[in-house]
């Protein structure tokens, strides 16, 4: 296996994870979590979204969060923005990375953003314009790239068209999002390879969900075709709005544990990240899906006094 | 990716899954589960263990289980046996596949079987002798092949020695077990490739645990080096005795869902297997780790009435 030796793991828990929480998480709790994440060595943290508070009430405190986080040198702080107004707010608030994108599925766009895909792409072009010359970066995302929960498989042409528009807007990094966990390893490698062939200089990332248990297998498939940028969520914060008991994003500390086990560098202190995952459980007041924080790292040995009934 | 196109998924839930349950599961409940599994198209089901009832009280009804299951033509019924006495009981009870093995770690063997590795290997040789001429098959297993929870990494020489002894006993299929979920994809490919190079004609299987979330990524790594035999547990039945909240074996229906998504054939009716996973939850009286039974298959679309807050 020839894989990139240095992986950029971007944390999205405070935004993509918390956005689905029913009760409002107090701003100071969000800050505790973000500050703990800042201390782990993560290169990028998506901390909030500049969306209308009626659409995502959980993100109503976007400005307050940005104003109060303890910024660490070397960490880029990001936010999701749906339109030019969101971009202006984000830039004014001091966001480093503006995340913007659309789904490759019309049904998904119309239900989630109340915009047609065309309207959405015009909004993204305006975001691109706002970012240009601001010293900030546009981070693109093509959502439902591996399937739409309403429509099923998405046409390759649609993914190529949206991805191409984000390339034209000079987004230095563009994520393919498996929004509801419909991807499989072969689908990952096929799509990434097609985009790499068409845009060999473009940095392509993967935003993966573990809805059906395939998250880390899909990440492995991405690594094997050279993907070095991944988004994940601490503790596995988040969920699937279509299936209340299903899980959401791949779990940051489980993913970093896998990367380190394979000898790949992340610059992240795994123990500190596990600590942040435990804090995330405190913040949302329940057990999260993350597994390494429950089982311990593979390198943690057990005292011989602990006998187990385990035949194989 | 060049992968085997036909995968043999062997179910171990009724044995490796249930053995860890604290309360005794009534025999008739075990039979309901095994009979449901028999109807899914699974080629092999490990239904019990012929061990001393003081060691594993949950398996005290081994003979009663074997006597009452509804055998389906084409399904092989297996049982774990620790010694010659267990093998004789299993053969008398009509078991098709006798599973026997040792751990590659002395500490693990002494704590779990109260035998040294040498004593254990003599016991396995006796099992091999009992199987010979009986019309049954010996299925081998090298436990803790990817790491021991007490000792850490295991020496390659130890794995090779145990594996070689099982080859000499003419076990047609030998599993490498990641007993407590310590493996990673590179470790899987490295060890399997070394064994394939040494014993090119030997059928090598993987018995994987998902303790740290790596189960399906490790399975993918195995598929990529040609492994076509895997053991898994319906619903993700089982657990880790070292970490009460951690999970056990990889989940059968999640694994089959992944295989089918990649276009690999199993001969298994996934819907029937998901039904068996729901039954497994009933049998143990709690929610199990299986994810597809909660989120639905990736191919199951959602009505457009179900709006979701999902930006990516």
Quiz item: If residue B:54 satisfies every condition in (1) under 19 Å from residue B:27 (Cα atoms); (2) buried (at least 17 other Cβ atoms within 10 Å of the Cβ); (3) modelled with pLDDT under 95 but one, which is the exception?
Solution: (2)
Practice problem: Report whether or not residue A:262 is at pLDDT 95 or above, touching a helix residue (DSSP H, G or I) at 6+ places or on another chain (Cβ under 9 Å), on the phi < 0 side of the Ramachandran plot and facing another protein chain (nearest Cβ under 7 Å). | Solution: yes
Quiz item: When residue A:205 is evaluated against the numbered criteria (1) in contact with a strand residue (DSSP E or B) (Cβ under 6 Å, 6 or more places away or on another chain); (2) crowded, with 24+ Cβ neighbours inside 10 Å; (3) farther than 20 Å from residue B:290 by Cα, which criterion, by number, is the only one it fails?
Solution: (2)
Quiz prompt | Set B:217, B:177: member being touching a residue at least 12 places away in the same chain (Cβ under 8 Å), over 15 Å from the mean Cα position of the chain (by Cα), facing another protein chain (nearest Cβ under 7 Å) and closer than 27 Å to residue A:264 by Cβ | solution = B:217
Exercise. Considering each residue of the range A:133-174, count those that are over 30 Å from residue A:185 (Cβ atoms) and either in contact (Cβ under 8 Å) with a residue 12 or more places away in the chain or outside any loop (DSSP other than H, G, I, E, B) (or both), and give that number.
Key: 3
Quiz prompt | Scan of the range A:274-283 for residues that are away from every other protein chain (no Cβ under 14 Å) and surrounded by fewer than 21 Cβ atoms within 10 Å (Cβ to Cβ), ordered by number | solution = A:275, A:279, A:282
Exercise. Would you mind stating whether residue A:137 is closer than 20 Å to residue A:83 by Cβ, more than 14 Å from chain B (Cβ to nearest Cβ) and touching a strand residue (DSSP E or B) at 6+ places or on another chain (Cβ under 6 Å)?
Key: yes
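Somewhere in the range B:195-210, is a residue within 8 Å of chain A (Cβ to nearest Cβ) and either within 30 Å of residue A:235 (Cα to Cα) or part of a loop (DSSP other than H, G, I, E, B) (or both)?
Taking the range B:195-210 and keeping what is within 8 Å of chain A (Cβ to nearest Cβ), we get B:207, B:210.
Retained after the next criterion (residues that are either within 30 Å of residue A:235 (Cα to Cα) or part of a loop (DSSP other than H, G, I, E, B) (or both)): B:207, B:210.
Looking through the range B:195-210, at least one residue is within 8 Å of chain A (Cβ to nearest Cβ) and either within 30 Å of residue A:235 (Cα to Cα) or part of a loop (DSSP other than H, G, I, E, B) (or both).
Given the residues B:254, B:271, which is the only one that is more than 11 Å from every other protein chain (Cβ to nearest Cβ), within 25 Å of residue A:187 (Cα to Cα), at pLDDT 95 or above and not in a loop (DSSP other than H, G, I, E, B)? Give the steps one after another, and end with the answer.
Details: B:254 fails: more than 11 Å from every other protein chain (Cβ to nearest Cβ).
Sole residue among the options that is more than 11 Å from every other protein chain (Cβ to nearest Cβ), within 25 Å of residue A:187 (Cα to Cα), at pLDDT 95 or above and not in a loop (DSSP other than H, G, I, E, B): B:271.
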Quiz item: Within the range B:211-236, can you find the residues that are closer than 24 Å to residue B:272 by Cβ and in contact with a strand residue (DSSP E or B) (Cβ under 7 Å, 6 or more places away or on another chain)?
Solution: B:215, B:219, B:228, B:229, B:230, B:231, B:232, B:233, B:234, B:235, B:236
Self-check item: Residues of the range A:32-54 satisfying the condition of being out of contact with any helix residue (DSSP H, G or I) (no Cβ under 9 Å at 6 or more places or on another chain) and part of a loop (DSSP other than H, G, I, E, B)
Solution: A:43, A:54
Practice problem: Kindly provide the set of residues from the range B:77-118 that are more than 21 Å from residue B:149 (Cβ to Cβ) and surrounded by fewer than 17 Cβ atoms within 10 Å (Cβ to Cβ), ordered by number. | Solution: B:85, B:88, B:92, B:94, B:118
Quiz item: Counting only residues that are buried (at least 23 other Cβ atoms within 10 Å of the Cβ) and outside any helix (DSSP H, G or I), which one in the range A:8-31 is nearest to the other protein chains (Cβ to nearest Cβ)?
Solution: A:12
Quiz item: Name the pairs whose Cβ atoms lie under 7 Å apart, with the first residue in the range B:284-312 and more than 9 Å from every other protein chain (Cβ to nearest Cβ), the second in a loop (DSSP other than H, G, I, E, B) and modelled with pLDDT under 95, and 6 or more positions between them or separate chains?
Solution: B:284/B:21
Quiz item: For residue B:249, are the conditions met, namely being in contact with a strand residue (DSSP E or B) (Cβ under 8 Å, 6 or more places away or on another chain), closer than 21 Å to residue A:296 by Cβ, surrounded by 24 or more Cβ atoms within 10 Å (Cβ to Cβ) and facing chain A (nearest Cβ under 9 Å)?
Solution: no
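The values are calculated or read from the model by the stated rules, or taken from the named source; none is laboratory data. The structure displayed is predicted, hence computed values, not measured ones. Cβ coordinates were reconstructed from backbone atoms using ideal geometry, including for glycine residues, and neighbour counts include every protein chain displayed.
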